[in-house]
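The values are calculated or read from the model by the stated rules, or taken from the named source; none is laboratory data. Not measured: the values here are computed from a predicted model. When we count neighbours, we look across all protein chains shown, and the Cβ atoms used for this are built from the backbone with ideal geometry, even at glycine.
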Amino acid sequence: MLMRNEDDNHRATQRQHINSLKRKVSAAELDNTAITERNERLQAELELARQETRSANERADQAVRLRVEAEEVFGDQADLDRSGDRVRALEAEVEQRYGEMEVLTEERDEWKAQFEELSAKVREAAAICQDKGKGKAKN
């Protein structure tokens, strides 16, 4: 009977050990499940962070492109402003020359009038001379 009692004790100890191992396995499985769930959650958060990073990078790239385009536009605008300044300067020069041309035209008209007046006097003097020449020829 002692032998049987020892066998029973041994089996009981083994059962306790097995039950203890089963509890440890169950606890490990629960821990593993929790770790797996946490890992999946972290993977989802990581993917979301990657998407946000890609989106932020795309926005940054777009901002750089817009900044470059704006600088080009501002450069073009500066070129247009300089061209506009040059056009205004040329317009002012044309206006000035037009004024000078008007003055010269007026002076020309005055000289022309004086020339015509002198021409008329010369013709008149020539006619008088011719008349006097005819008068001497008659004497």
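Listed here are the residues, each with its yes/no results for (1) modelled with pLDDT of 95 or more; (2) over 35 Å from the mean Cα position of the chain (by Cα).
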position: Met3; (1), (2): no, yes
position: Asn9; (1), (2): no, yes
position: Ala44; (1), (2): yes, yes
position: Asn57; (1), (2): yes, no
position: Val73; (1), (2): no, no
position: Arg88; (1), (2): no, no
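Return yes or no: is Lys112 without any contact (Cβ under 8 Å) to a residue 60 or more places away in the chain and loosely packed, with under 10 Cβ neighbours inside 10 Å?
On the way: without any contact (Cβ under 8 Å) to a residue 60 or more places away in the chain: yes; loosely packed, with under 10 Cβ neighbours inside 10 Å: no.
When the stated conditions are applied, Lys112 does not pass them.
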